[in-house]
Amino acid sequence: MEIKKLAPSRWLKIIPLVFITYSLAYLDRANYSFGAASGLAKDLNITAASSSLLGALFFLGYFFFQIPGATYAANKSAKKLVFWCLILWGMCAAATGMVTDIKFLYIIRFTLGVVESAVMPAMLIFLSNWFTKGERSRANTFLILGNPVTVLWMSIVSGYLVNGVGWRMMFIIEGLPSIIWAFFWWKLVKDKPKDAKWLSENDKKEVEKALLDEQQGIKEVKNYREAFKNPKVIMLSIQYFFWSIGVYGFVMWLPSIIKNAGNTGIVAAGWLSAVPYLLAVIMMLSVSYYADRTMNRKGVVWICLLIGAICFYGSYLIGPSNFWLSYALLVVAGGAMYAPYGPFFAIIPELLPRNVAGGAMALINSFGALGSFVGSYIVGYLNGSTGSPDASYMFMSLALVASVIMTLVVKTPSSKVPDNKIAA
């Protein structure tokens, strides 16, 4: 009997769209690190403590509006929600380059977080409408690849933009693509397979049936309140909180750490800041492929995070004595922290039915936003108050160790590799 995959065209039609969209979201949140390292603080008379708060305020706004965004995406339309978010976050990002008073910068950073808060849960819900259990790690990974790939090229491009036209024009230039892309998103995206004209009727039925069939073995959960009280959801929320401390302490302050520790210019710091994200891309693809083949989601998550913790601790032990060895460990730490994102977010739809899985992912992601706020604020504060990144390395290492422990505690489904294929 000949075997074929479910509607292969989904990968070519859907994945590039979500990849580009999340890339633009990440561009407009992460380029603040280059503004902070290249004159923004000096021009606006921002102290080290205020700079840390500004870097972190995005995540405070991001924390509060995850669940409303997920609810709208699940019950109405992820397509419509993301369209308006693209326009609004592009405007906020560009406005950062026009601000002349720190008070307005506080408002813009918080508002940017609010607008972008809906994107991650909406995208995860969107992908769960299109891809099955055995495909979800890879689909999620291609979405989240927008994160390291964006930082990879942004680190280089932003360095040149800041050097050539200044930090203000950097923010304006990098904010405009989101507004333009919103109209491509609106034209090209459909919320569910049944609405896609490029799928045959047979393909539509097969995909919908496969998605429906995989829900059969999951215990019914009536509403979000019941889902949020699930001990596994609570533990995964705490796990993601600690994980995000490490990730965003790293993302928000890496250019400043490299620039100061290595006594390099902003362009060189940009090139050096890009390397961890190149490794992250390779590791994310490899780990997600392995996780989908073996269904060992939990194992890849805790092992990768433990590697990140060990590398941060190694950088702490080395201190300023050997910049290049410390930098090499940071490269590995960055790659390891990003590697298990796809498998991690594939766990949730295997624990909960579709009616509440989106809300649970939003809750977990909101705790991640809170961890991102804590990580970006405390790492920035430690760097400024101690004049060295050593304390930051130890802080991020301990956060990742806590995340490893929480991962090991959670009991996740030990499923066989699902049959994502159908008879031709």
From the set of residues in segment 59-109 that are under 27 Å from GLY249 (Cβ atoms) and polar (S, T, N, Q), which is farthest from the chain's Cα centre (by Cα)?
THR96
Filtering segment 180-206 down to residues that are open to solvent by less than 100 Å² (accessible area, probe 1.4 Å), closer than 18 Å to MET123 by Cβ and not charged (D, E, K, R) yields TRP181, ALA182, TRP185, LEU188, VAL189, PRO193, ALA196
Residue ID - farthest from TYR240 (Cα to Cα), chosen from residues in segment 331-349 that are open to solvent by less than 10 Å² (accessible area, probe 1.4 Å) and of a type in the set (A, V, I, L, M):
ALA333
Give the residues of segment 1-38 that are at pLDDT below 80, open to solvent by less than 20 Å² (accessible area, probe 1.4 Å) and not in a helix (DSSP H, G or I), sorted by residue number.
LEU6, ASN31
Number of the exception - MET396 against (1) open to solvent by less than 10 Å² (accessible area, probe 1.4 Å); (2) within 28 Å of LYS133 (Cα to Cα)
(2)
Just give me the residues in segment 85-104 being open to solvent by 30 Å² or more (accessible area, probe 1.4 Å) and either hydroxyl-bearing (Ser, Thr, Tyr) or free of Cβ contacts under 8 Å to residues at least 24 places away in the same chain (or both), in sequence order.
THR100, LYS103, PHE104
Within segment 111-147, can you find the residues that are under 12 Å from ALA25 (Cα atoms), in a helix (DSSP H, G or I) and open to solvent by less than 10 Å² (accessible area, probe 1.4 Å)?
LEU112, GLY113, GLU116, VAL119, MET120, MET123, LEU143, ILE144, GLY146, ASN147
For residues that are of a type in the set (Ser, Thr, Tyr) and within 23 Å of LEU145 (Cα to Cα), scanning just segment 257-280, find the one that is modelled with the lowest pLDDT.
SER273
I need the full set of residues from segment 65-84 which are at pLDDT below 85, part of a helix (DSSP H, G or I) and either surrounded by 24 or more Cβ atoms within 10 Å (Cβ to Cβ) or touching a helix residue (DSSP H, G or I) at 6+ places or on another chain (Cβ under 7 Å) (or both), in order please.
GLN66, ILE67, GLY69, ALA70, THR71, ALA74
Does SER51 satisfy the condition of being modelled with pLDDT of 75 or more and among the small types (Gly, Ala, Ser)?
no
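The values are calculated or read from the model by the stated rules, or taken from the named source; none is laboratory data. On a predicted model such as this, the values are computed, not experimentally measured, just so you know. Counting neighbours? That spans all protein chains shown, and the Cβs are built from the backbone with ideal geometry, glycine included. Accessible surface areas use protein heavy atoms only, side chains included; no ligands, DNA or RNA. Shrake-Rupley method; radii C 1.70, N 1.55, O 1.52, S 1.80 Å.
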